[in-house]
Amino acid sequence: MMSLLTGLALLLSGFSVINAGLLTLYAWRQSAQELAYLSGFLLASLASIQFLNFSYLEFGTDWVHGRFYNLLLFLVAPTFYLLTAPLLEARPYPLAQSWWHYLPLILALILPHEWALPLAFVVGAGYLIRLGLNIYALRAQRSRFRLELLGLGLMFVLAILVILLGLSNALVPDRLFFSLYASAIGCGLVLVSAMLNLAPQLPTEVAEAARETYAVSTLGKVDCESALLELQQLMHKQKLYQDTDLDLPSLSEALGLSHYQLSELINTRLGKSFSRYLREQRVEAAKIQLISEPKATVLGIGLEVGFSSQSNFYEAFREIVGMTPGQYRKLNQKSIPK
């Protein structure tokens, strides 16, 4: 049983190191510069922890009992908090004013490993409680993003298990502890990757829900009517929705707005999230082509209007129209007089 657990831990550790690099590239493309730096810092810390876990489990190195490992443990919790708090609380956390979150790093340098490791998890528990309260505060918006909230809940449960594991370090053999810890970090990164694939709009959805919860507006100096008119022109005349890579940051740049402003504009004035708005634009264009171009394939039309795959096209079409593209075409062709 122990060898199986160790093998799983080694597998997830290797995956974590590679996946951390990929997630860093994703964060760099999607986030503001400060958040991109924080994301890279956090993922680099987790990848380093996993590398040291791997070295201990595979080669028996003793680096996991050193001060550098302790330092990494104390880095993870405040960095994760400073990365997620701006989204969950709808207010900025400038790094220049948040330096004090890293004061516990001093403990990693002066305390022996057997004290520093559980204390790092105690510090993490404090941040976890705060983030848990933030997630709970968004409960009123849960009808808008049930899948995303479920993912956040799973990550929160996993974090609780990691905290309990860290506090029980003195009660379990080192090899078992580091196997479980490496597996937990690996599972967390797997969950993050899955959520970003299933719900790439998650950061946007959470930010929107937080602004509604705390009644924070970013549109004070924005001419909303002009912005909406320009948005309509970009979609209907330039057909930007056809761009498969179109996302909130790139569209907001075209409008001269921040992605927070565009997200709030669509949410408050059109009553929907950006991802829903974009799906609707593509589906409306597809509906027209399904009827006007009877010889075109359904898949070809889906790709032409901006969907990246057949499954995404069918899912969005069924969600918005209530039937598949093929059923819609057949039904409406029958109703057209010959």
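The values are calculated or read from the model by the stated rules, or taken from the named source; none is laboratory data. Just so you know, these numbers come straight off a predicted model, no measurement behind them. Every residue, glycine as well, gets a Cβ built from its backbone with ideal geometry; the counts of neighbours run over all protein chains shown.
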Quick test for you: out of L257, L262, L228, pick the one residue that is aliphatic (A, V, I, L, M), in a loop (DSSP other than H, G, I, E, B) and not assigned by TED's automatic domain parsing to the domain that holds L303. L257
Only listed residue being modelled with pLDDT under 90 and among the small types (G, A, S), chosen from S292, S273: S273
Which residue pairs have Cβ atoms under 8 Å apart, sit 6 or more places apart or on different chains, and have a first residue in segment 114-142 that is closer than 17 Å to I49 by Cα and a second that is at pLDDT below 80 and β-branched (V, I, T)? F121/V162; F121/I163; G124/V162; G124/I163
Residues of segment 16-32 satisfying the condition of being at pLDDT 75 or above, more than 13 Å from V76 (Cβ to Cβ) and buried (at least 17 other Cβ atoms within 10 Å of the Cβ): V17
Across segment 231-254, what is the total count of residues that are farther than 28 Å from P86 by Cα and either assigned by TED's automatic domain parsing to the domain that holds E304 or outside any loop (DSSP other than H, G, I, E, B) (or both)? 8
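Could you pull out the residue among L42, L12, L35 that is part of a helix (DSSP H, G or I), within 24 Å of V162 (Cα to Cα), in the same structural domain as Y69 (by TED's automatic domain parsing) and at pLDDT below 85?
L12
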K295 versus (1) closer than 25 Å to Q238 by Cα; (2) surrounded by 15 or more Cβ atoms within 10 Å (Cβ to Cβ); (3) charged (D, E, K, R): which is the lone unmet condition? (2)
Considering only residues that are touching a residue at least 40 places away in the same chain (Cβ under 8 Å) and part of a helix (DSSP H, G or I), look in segment 104-113 and name the one that is nearest to A85 (Cα to Cα). A108
Does at least one position in segment 97-119 carry a residue that is in contact with a Pro (Cβ under 6 Å, 6 or more places away or on another chain), hydroxyl-bearing (S, T, Y), farther than 24 Å from L164 by Cα and surrounded by fewer than 20 Cβ atoms within 10 Å (Cβ to Cβ)? no
Here, helices (runs of 4 or more DSSP H) confined to segment 279-336 with at least 1 residues that are touching a helix residue (DSSP H, G or I) at 6+ places or on another chain (Cβ under 8 Å) and among the acidic types (D, E) are 298-304, 310-321
Determine whether segment 145-157 contains at least one residue that is in the same structural domain as V206 (by TED's automatic domain parsing), closer than 17 Å to F80 by Cα, of a type outside the set (S, T, N, Q) and at pLDDT 75 or above. yes
Whether any residue in segment 298-313 is surrounded by 20 or more Cβ atoms within 10 Å (Cβ to Cβ) and at positive phi is what I want to check. yes
Say we look at segment 90-103 and pick out the residues that are touching a residue at least 60 places away in the same chain (Cβ under 8 Å) and either assigned to a helix (DSSP H, G or I) or in contact with a Lys or Arg (Cβ under 8 Å, 6 or more places away or on another chain) (or both); which of these is farthest from L38 (Cα to Cα)? A90
Matching option when the condition is in contact (Cβ under 8 Å) with a residue 40 or more places away in the chain and within 13 Å of G124 (Cβ to Cβ), among L73, L87: L73
